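The values are calculated or read from the model by the stated rules, or taken from the named source; none is laboratory data. This structure is a prediction, so every number in the text was calculated from the model and none was measured. Cβ atoms come from the backbone with ideal geometry, glycine included; neighbour counts cover every protein chain shown.
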There are 2 protein chains.
Amino acid sequence: MEVKLVKKVLSVNDTMAQQNRQFFLEKKVLVLNMMSSPGAGKTAILEKTIKRLLPEIKTAVIVGDICTTNDADRLIKTGVPVVQICTDQFGGDCHLAAHVVRNAASDLNLDHVQLLIVENVGNLVCPAEFDIGEDVRIVVLSVTEGEDKPLKYPLMFRVCDAALLNKTDLLPYLDFDKETVLKNIRQIHPDMPVFELSAKTEEGFSDWIEWLKNEVEKKRYE
Amino acid sequence: MEVKLVKKVLSVNDTMAQQNRQFFLEKKVLVLNMMSSPGAGKTAILEKTIKRLLPEIKTAVIVGDICTTNDADRLIKTGVPVVQICTDQFGGDCHLAAHVVRNAASDLNLDHVQLLIVENVGNLVCPAEFDIGEDVRIVVLSVTEGEDKPLKYPLMFRVCDAALLNKTDLLPYLDFDKETVLKNIRQIHPDMPVFELSAKTEEGFSDWIEWLKNEVEKKRYE
C-alpha cells in the first residue's frame, strides 16, 4: 500500500518537474540540485563557490531546510539573491518537491541569472527520489561520514552527476581510506567525476569550479 | 494531497507500533530506537556499548539500512544476535516502519533478551515520524555536523529521550562550539540528557552506559 501511495506522489512531482525544466530552459539558467547528509558542508561549499563564480557567473540560490533561515542568512552575505524554503510549512518535508522549487523560483528575477543553485534538505535518501527540474545533481559526502556511504545510499550516488568529497582537511585525524570511498563510488556510478576539496581551506576548489563553469557554458548554448 | 497520503500511512503505522509495544512489554524487553544522520557513528557506538553491557545485559540488535549488510557484519562480532533489514526490498524506504521491525523481531528469540536495540536508517528526518513501538529513542549527533542541527531538525530532537554527542575526539580540529549545540538542544528539548562521548576513544561512555542500564532496569519492573 505504502509503495503505491508514494508512486502516485512521485508521478505528480514528475509532471511538475518537467514544467520546471521547460521554464528554466527558456530562461537559459543552469539549475544545480545540491544534496547531502545533514552537516556535510553544503552551505560552506556554496559560500566559497559563489565567491569564486562572481562576477563572471551570475548566480541565485534557493535553500531548503525544515526549519530556520540559518543557511540563507549565511549565503545572502555573498551578495547573490537567496530564497529560503522552510518545509515545516509543508508538514516538515524531508526533501524539496518540484512545485515548492517553482514557487521559490518565482520570487527570483532569473532574467540575468546563469546559475540557480538549489541547496536541498540535508538527507541522503529522499531528495534523490524527487526530480525538481534541475540540470545537474551534485552529492556532497564529507570524509567524516565513512567510506561505505555510496554503497548504503546507492540511489543518491546513481542519480548524481558529480560528487564532492568534502572536509579533506580532517583526513589526518580520521581512519578514512580515500581509495575505498573512490572504489565504492565507482561501483555505483563508474564514470562519476569526484572532486576532493575542503570548504574550510579551499584546497581542491579549482577543478570543481572549472567543471561547474563548463556546465554553465554548455547550458548557454543548449 | 501529499500530506493526506502521508497521514494515512502514519496512522496504519501507529496501529502496528502499538501492537509491537504490547508484544515487547510481554517479553519484558526494553526497545531502543537509535537514529542519526548517515555516518554519525551509530554502529561504532553500538559496538562499544554492547561490549560494556555484556554479559550483564542480554542484548539483541536489529539494523536498518537501505542496502548492504555492513553494519550487521560489524555488530555480529560482538557476539549478540543481529538481524539486518535492507529497505531496498520495500522501495528503498528512508526509515524503519513498525511492521518491518516486527518481522525482524520475529527472527530473534527474545525470551532471555533484556535490551533490543534498533539501529534505524541514517536519516535525521523521516525516522522521527515513525513509531516502531520502542520504549526509548536516542539521537546521535556527531560534532562534525555543526551546532545548528537541533534547530534545523527539531522533530528528531523533540521526540528523542536522550542525545549522544559523538566524535568528541575531533573537537580540537573543528570550529565547533559545544555550548552552542547544548543551548540549541535545550531550546528544542529543555530537560534532555546529553552524553558527550567518542566511539573511537570510548571517552565519556560511563555515564551513557549507566543511564542505559538504568532504563533496562526500570523496564524489568514495569
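Being crowded, with 22+ Cβ neighbours inside 10 Å and not basic (Lys, Arg) is a property that B:Ser37 has.
Comparison of A:Gln114, A:Gln89 shows that the only residue that is farther than 16 Å from A:Thr43 by Cβ and crowded, with 19+ Cβ neighbours inside 10 Å is A:Gln114. Considering the range A:138-183, and only residues there that are touching a residue at least 12 places away in the same chain (Cβ under 8 Å) and aromatic (Phe, Trp, Tyr), the residue that is farthest from A:Leu30 (Cα to Cα) turns out to be A:Phe176. Quick check on the range B:116-132. Is at least one of its residues within 14 Å of chain A (Cβ to nearest Cβ), within 15 Å of the chain's Cα centre (by Cα) and farther than 18 Å from A:Cys94 by Cβ? Within the range B:116-132, one or more residues are within 14 Å of chain A (Cβ to nearest Cβ), within 15 Å of the chain's Cα centre (by Cα) and farther than 18 Å from A:Cys94 by Cβ. Every condition in (1) within 29 Å of A:Leu96 (Cβ to Cβ); (2) modelled with pLDDT under 95 is met by B:Asp148 except one, and the failing one is (2). For the range B:24-48, a residue qualifies if it is assigned to a strand (DSSP E or B) and within 14 Å of chain A (Cβ to nearest Cβ), and the qualifying residues are B:Met35, B:Ser36. Looking across the range B:133-147 at every residue that is more than 8 Å from every other protein chain (Cβ to nearest Cβ) and in a strand (DSSP E or B), the one that is surrounded by the most Cβ atoms within 10 Å (Cβ to Cβ) is identified as B:Val139.
Is it the case that A:Tyr173 is within 15 Å of A:Ser37 (Cβ to Cβ) and either out of contact with any Lys or Arg (no Cβ under 6 Å at 6 or more places or on another chain) or surrounded by fewer than 18 Cβ atoms within 10 Å (Cβ to Cβ) (or both)? Taking the combined requirement at face value, the residue does not satisfy it. The condition (being of a type in the set (D, E, K, R) and more than 10 Å from chain A (Cβ to nearest Cβ)) is satisfied by just one residue among B:Lys218, B:Lys152: B:Lys218. Evaluate the following for B:Glu222: is it more than 21 Å from A:Gly41 (Cα to Cα), touching a residue at least 40 places away in the same chain (Cβ under 8 Å), of a type in the set (Asp, Glu) and in contact with a helix residue (DSSP H, G or I) (Cβ under 8 Å, 6 or more places away or on another chain)? Yes. For the range A:101-110, the criterion of being touching a helix residue (DSSP H, G or I) at 6+ places or on another chain (Cβ under 8 Å), part of a loop (DSSP other than H, G, I, E, B) and of a type outside the set (A, V, I, L, M) is met by none of the residues.
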